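S.K.: Sending over a structure as structure tokens; questions will come in a sec.
The values are calculated or read from the model by the stated rules, or taken from the named source; none is laboratory data. In this text the structure is predicted, and so the values were computed from the model without any measurement. Cβ atoms come from the backbone with ideal geometry, glycine included; neighbour counts cover every protein chain shown.
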């Protein structure tokens, strides 16, 4: 057990060094941007990240006196957006993404399809609230009951989830706990939520915003949220850690990334402007309504959170017996 803890700590520290590059002062911060800024997103229009990008982008545009253009590049498990961003090598092209879109990639690809070293964390922005839910008609009323039922009835439950990091970590949890829950793949998580409400699937781990209409209509019940901290919008719903299952504590981190060559002073300025926008009560109210927790943080704070997720992915990869991809 000690070697695993040391491994996870080492990965987290190495990740922090990779994602957070020192920020020397520079005059570039005052003159940037000199032309329109592009935000590349790995999710489609209407997603929580898309809504955030457009709200924040409008405010940043006013601050920067330059237009901020949102470019949706969904598909390919996040790789489409990531390759577009890393390939641009443009100091006016940024990536706005959930960390769950890529933190699992080194353990789900034989060879990395893009160079992650080209990405530098700029600012943490929000946390998407992700819940574990079952149909109201289900006899399961807690995560502990879910695990007990699944263990006693191998292969009789099926589930759907957000693809990527959440999927990978839950697979590791299943193997470690000795569970057999069949995954039902969906391209459209909204359809999966409908199927869950109708009882065609028995379990789902998804953004609260997607499941909320069915929860409010009484068709679904929440067992827990995956976040490391309780959500003020769901004060009566325990976290998976509180439920006794810290291995499936997963924060829905969303933040902003820049190219490695972006000067440190410019990154600092962007982070400060993003924080100022996210401290606007009107923006907080609008984003909270989409099932997000506004959680601005510095480059270092964001990098540290990414490091923890990569260490979590490494632990799942070891359980699942997969090797880390080459760059």
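S.K.: Working only within segment 68-112, note down all residues that are in a helix (DSSP H, G or I) and without any contact (Cβ under 8 Å) to a residue 60 or more places away in the chain. Break it down stepwise before answering.
M.R.: First, the residues of segment 68-112 that are in a helix (DSSP H, G or I): 76-88, 99-101, 105-108.
76, 79, 80, 81, 82, 83, 84, 87 - these are the residues of segment 68-112 that are in a helix (DSSP H, G or I) and without any contact (Cβ under 8 Å) to a residue 60 or more places away in the chain.
S.K.: Please pick out the residue among 163, 189, 239 that is closer than 24 Å to residue 126 by Cβ, modelled with pLDDT under 95 and touching a strand residue (DSSP E or B) at 6+ places or on another chain (Cβ under 8 Å).
M.R.: Numbers: 163 fails: touching a strand residue (DSSP E or B) at 6+ places or on another chain (Cβ under 8 Å); 239 fails: modelled with pLDDT under 95.
Only one candidate passes the filter, namely 189.
Residues checked against (1) at pLDDT 95 or above; (2) in the same structural domain as residue 288 (by TED's automatic domain parsing):
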{"site": "100", "(1), (2)": "no, yes"}
{"site": "104", "(1), (2)": "no, yes"}
{"site": "108", "(1), (2)": "no, yes"}
{"site": "111", "(1), (2)": "no, yes"}
{"site": "137", "(1), (2)": "yes, no"}
{"site": "140", "(1), (2)": "yes, no"}
{"site": "147", "(1), (2)": "yes, no"}
{"site": "150", "(1), (2)": "yes, no"}
{"site": "155", "(1), (2)": "no, no"}
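S.K.: Could you run through segment 285-303 and say how many residues are part of a helix (DSSP H, G or I) and either assigned by TED's automatic domain parsing to the domain that holds residue 234 or out of contact with any strand residue (DSSP E or B) (no Cβ under 9 Å at 6 or more places or on another chain) (or both)? Outline the logic, then answer.
M.R.: Looking only at segment 285-303, we keep the residues that are part of a helix (DSSP H, G or I), and these are 285-288, 299-303.
Remaining after also requiring either assigned by TED's automatic domain parsing to the domain that holds residue 234 or out of contact with any strand residue (DSSP E or B) (no Cβ under 9 Å at 6 or more places or on another chain) (or both): 285-286.
Residues that pass the stated criteria total 2.
S.K.: Restricting the search to segment 168-185, which residues are surrounded by fewer than 18 Cβ atoms within 10 Å (Cβ to Cβ) and touching a strand residue (DSSP E or B) at 6+ places or on another chain (Cβ under 7 Å)?
M.R.: The answer is 182, 183, 184.
S.K.: Condition first: within 14 Å of residue 278 (Cα to Cα) and in contact (Cβ under 8 Å) with a residue 40 or more places away in the chain. Now tell me which residues in segment 36-67 satisfy that.
M.R.: 49, 51, 52, 53, 55, 56, 59, 60, 63
S.K.: Still on this structure, I have one more. I'd like to verify a number: residues in segment 43-57 that are in contact with a helix residue (DSSP H, G or I) (Cβ under 6 Å, 6 or more places away or on another chain) and in a loop (DSSP other than H, G, I, E, B), how many?
M.R.: The qualifying residues number 1.
S.K.: Right, another one. Out of 25, 17, 62, report the one residue that is at pLDDT below 90, part of a helix (DSSP H, G or I) and exposed (fewer than 13 other Cβ atoms within 10 Å of the Cβ). Can you show your working first?
M.R.: Values: 25 fails: part of a helix (DSSP H, G or I); 62 fails: at pLDDT below 90.
Criteria check complete, one pass: 17.
Residue by residue, here is whether (1) farther than 15 Å from residue 299 by Cα; (2) modelled with pLDDT of 95 or more holds:
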{"position": "247", "(1), (2)": "yes, no"}
{"position": "257", "(1), (2)": "no, yes"}
{"position": "262", "(1), (2)": "no, no"}
{"position": "271", "(1), (2)": "no, yes"}
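S.K.: Might you let me know whether segment 307-318 holds any residue that is crowded, with 19+ Cβ neighbours inside 10 Å, touching a strand residue (DSSP E or B) at 6+ places or on another chain (Cβ under 8 Å) and modelled with pLDDT of 95 or more?
M.R.: Among the residues of segment 307-318, not one is crowded, with 19+ Cβ neighbours inside 10 Å, touching a strand residue (DSSP E or B) at 6+ places or on another chain (Cβ under 8 Å) and modelled with pLDDT of 95 or more, which makes the answer no.
S.K.: Then there is this: Inspect all residues belonging to segment 251-259 and state whether any of them is over 19 Å from the mean Cα position of the chain (by Cα), crowded, with 17+ Cβ neighbours inside 10 Å and under 16 Å from residue 37 (Cα atoms). Don't jump to the end; show me each part of the working.
M.R.: Going residue by residue through segment 251-259, those that are over 19 Å from the mean Cα position of the chain (by Cα) are 259.
The next check asks that each one be crowded, with 17+ Cβ neighbours inside 10 Å; those that pass are 259.
Going one step further and asking which of them are under 16 Å from residue 37 (Cα atoms), we end up with 259.
Yes.
S.K.: Within segment 233-244, how many residues are surrounded by fewer than 16 Cβ atoms within 10 Å (Cβ to Cβ) and over 19 Å from the mean Cα position of the chain (by Cα)? It would help to see each step written out before you state the result.
M.R.: Taking segment 233-244 and keeping what is surrounded by fewer than 16 Cβ atoms within 10 Å (Cβ to Cβ), we get 233, 235-236, 242, 244.
Filter once more, keeping what is over 19 Å from the mean Cα position of the chain (by Cα): 235-236, 242, 244.
Residues that pass the stated criteria total 4.
S.K.: Assess whether residue 123 counts as being closer than 28 Å to residue 313 by Cα, surrounded by 21 or more Cβ atoms within 10 Å (Cβ to Cβ) and out of contact with any helix residue (DSSP H, G or I) (no Cβ under 9 Å at 6 or more places or on another chain).
M.R.: On the way: closer than 28 Å to residue 313 by Cα: yes; surrounded by 21 or more Cβ atoms within 10 Å (Cβ to Cβ): yes; out of contact with any helix residue (DSSP H, G or I) (no Cβ under 9 Å at 6 or more places or on another chain): no.
Here the answer is no, as residue 123 does not meet what is asked.
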